[in-house]
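Have a look at the structure below before the remarks.
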Amino acid sequence: MAVAAVFGVGAGGWGLWLETKDYFDRSASRDRIAKACAGLVAPDQVLDLNGGTTRAKAGSEDNDSIDELGPAFMPARCEIYRVGKPGTTYGHFLLSVWSNPNDDFAQLVSGWDDPFPTMGRKPNADVTRETRQTGAYPIGDGRLGVYYGNAAVVKAECTDKSGGTTSVNAMTVAKYFERDPVTDADRRTLAGLARTAAVRAAKKLGCKATLPALPAELPTPSTKLVNAKSAGGTCGWYAGHIAAKGRWRLPDRALGTPVAAHAQEESCLLGVSSKEVRRMWPDLTKDEYSGNSLDDVIRLAPFWLRTESYFGDEAREVATDHFGREHRSLDPGTAGYDDEENVWWASSTCAGQPAVHTLSSDYPYDKIVQTRLQALFKAYVTDVAARRGCTDLKFPAAATFRLSKA
């Protein structure tokens, strides 16, 4: 009994010591987060991500902490690491803040940006079954911002001291997403952290912002493409288009996001399954598949198309992603074709705000379906315009869809 009593006292003391240590570790971590992120986020919510931790610290790079926040210091960011065993740290949380316009956060589109996983592709792989990243899901009606599988972006439109209107954006990222899954609860926490950061950043910049409340739930975003015939949301237009016009060589898979009246961006990814590639392959000419083998297409270079639309601030900063070259701006009020990036763009005005709509195509799939691309793009833009009440539509010239077979 005496031994048991001594052990009990010892165990109780050890437990109390651990509890006290966790308290001081958490308190110190809370202070580090508040300092590194300039008070823009709630430290406890950051610590509670990914199951929670009591020990965290800011990164050691020059841009891992926000020293000052103001127009001259934007964009700004802070990165927080989870501390494990002595000498080990893990990616945990990232906050980025910027105001518009900002070239560092332009909306980049390209037909060369393969959206499907590239690692470990096997000869019999069906690589268009699932994409690397979800599309942009609207937070509520979209007025607040968007979220992805591992991140959230919130925009605060506000009136500055001079009476002008500007916007402040806050993006939060779960940096552990490659190591551990991001739960629905964590995604909502990320959205809440982004909302708080956007409001506080706007205040620090001298303007007041009133934002909608965060929805009670955020639907789980998906990376899995579905049968194009049953596609809905931002791909609903495509299901209607192929039902009316027939699919021919167009994609048989689609991945969209929920439609929202005030979404700042939206997309529809269309992919061709391995089964469909095999079906159409005997009818393709050498010029159409441009020297690729059937195995190349199925395993390494899948066929795909993607439509995207950007509204308001986002529409003012859309560009094609020229690797190693200056980006080409796709300005509101214009329309055209970037032959180096396989991107067509149209524009319109929606509720008094500019909008830019794009169609990106994989090469050489653009040549394989070129006779249907103009009608496809028009169907997409027309659908968006009807949903969003857009006017002043401008489309690329018909000649831009007649691609050389050389």
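The values are calculated or read from the model by the stated rules, or taken from the named source; none is laboratory data. Bear in mind that the values here come from a model prediction, so they are computed numbers and not experimental data. Ideal geometry is used to build each Cβ from the backbone, glycine not excepted, and the neighbour counts take in all protein chains shown. Note: accessible area is taken over every heavy atom of the protein model, side chains too, but ligands, DNA and RNA are not part of it. Shrake-Rupley method; radii C 1.70, N 1.55, O 1.52, S 1.80 Å.
Please indicate, with yes or no, whether at least one residue in region 77-93 is in contact with an Asp or Glu (Cβ under 8 Å, 6 or more places away or on another chain), open to solvent by less than 70 Å² (accessible area, probe 1.4 Å) and either among the acidic types (Asp, Glu) or over 22 Å from Tyr176 (Cα atoms) (or both). So far as region 77-93 goes, yes, one or more of its residues are in contact with an Asp or Glu (Cβ under 8 Å, 6 or more places away or on another chain), open to solvent by less than 70 Å² (accessible area, probe 1.4 Å) and either among the acidic types (Asp, Glu) or over 22 Å from Tyr176 (Cα atoms) (or both). One residue stands out in region 126-153 among those that are part of a loop (DSSP other than H, G, I, E, B) and of a type in the set (Lys, Arg): the one that is farthest from Ala191 (Cα to Cα), namely Arg132.
If you filter region 40-55 down to residues that are of a type outside the set (S, T, N, Q) and over 14 Å from Leu193 (Cβ atoms), you find that the one that is least open to solvent (accessible area, probe 1.4 Å) is Gly52. If you check Arg247 against the conditions, is it basic (Lys, Arg), closer than 16 Å to Val369 by Cβ and part of a helix (DSSP H, G or I)? It is false that Arg247 is basic (Lys, Arg), closer than 16 Å to Val369 by Cβ and part of a helix (DSSP H, G or I). Identify the residue in region 191-216 that is modelled with pLDDT of 95 or more, in contact with a helix residue (DSSP H, G or I) (Cβ under 8 Å, 6 or more places away or on another chain) and outside any loop (DSSP other than H, G, I, E, B) and, among all such residues, is least open to solvent (accessible area, probe 1.4 Å). Per the criteria, the residue is Leu193.
Looking across region 230-255 at every residue that is closer than 20 Å to Asp366 by Cα and among the aliphatic types (A, V, I, L, M), the one that is surrounded by the fewest Cβ atoms within 10 Å (Cβ to Cβ) is identified as Ala239.
Per-residue answers, yes or no, for (1) closer than 22 Å to Gly389 by Cα; (2) buried (at least 20 other Cβ atoms within 10 Å of the Cβ):
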position: Glu341; (1), (2): no, yes
position: Leu359; (1), (2): yes, yes
position: Tyr365; (1), (2): no, yes
position: Gln370; (1), (2): no, no
position: Leu373; (1), (2): no, yes
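Screening Tyr176 with (1) part of a helix (DSSP H, G or I); (2) open to solvent by less than 50 Å² (accessible area, probe 1.4 Å) gives one miss only, at (1). Is one or more of the residues making up region 304-322 in contact with a Pro (Cβ under 7 Å, 6 or more places away or on another chain), open to solvent by less than 50 Å² (accessible area, probe 1.4 Å) and farther than 19 Å from Val356 by Cα? Yes, the conditions are met somewhere in region 304-322.
Of all the listed residues (Pro258, Pro219, Pro181), the sole one being assigned to a loop (DSSP other than H, G, I, E, B), touching a residue at least 12 places away in the same chain (Cβ under 8 Å), within 17 Å of the chain's Cα centre (by Cα) and loosely packed, with under 14 Cβ neighbours inside 10 Å is Pro219. When Pro354, Pro332 are screened for being without any contact (Cβ under 8 Å) to a residue 60 or more places away in the chain, open to solvent by less than 40 Å² (accessible area, probe 1.4 Å) and either more than 22 Å from Asp252 (Cβ to Cβ) or of a type in the set (Lys, Arg) (or both), only Pro354 passes. Residues in region 284-311 that are at pLDDT 95 or above and not aromatic (Phe, Trp, Tyr): Leu305, Arg306, Thr307, Glu308, Ser309.
So for region 117-133 (the condition being modelled with pLDDT of 95 or more, surrounded by fewer than 20 Cβ atoms within 10 Å (Cβ to Cβ) and within 26 Å of Leu214 (Cα to Cα)), does at least one residue qualify? No, because not a single residue in region 117-133 is modelled with pLDDT of 95 or more, surrounded by fewer than 20 Cβ atoms within 10 Å (Cβ to Cβ) and within 26 Å of Leu214 (Cα to Cα).
Confirm whether Leu269 is in a strand (DSSP E or B) and open to solvent by less than 20 Å² (accessible area, probe 1.4 Å).
Details: in a strand (DSSP E or B): yes; open to solvent by less than 20 Å² (accessible area, probe 1.4 Å): yes.
Yes; evaluated as a whole, the condition is true for this residue.
Among the residues of region 94-114, those that are part of a loop (DSSP other than H, G, I, E, B), open to solvent by 50 Å² or more (accessible area, probe 1.4 Å) and not aromatic (Phe, Trp, Tyr) comprise Pro101, Asp113.
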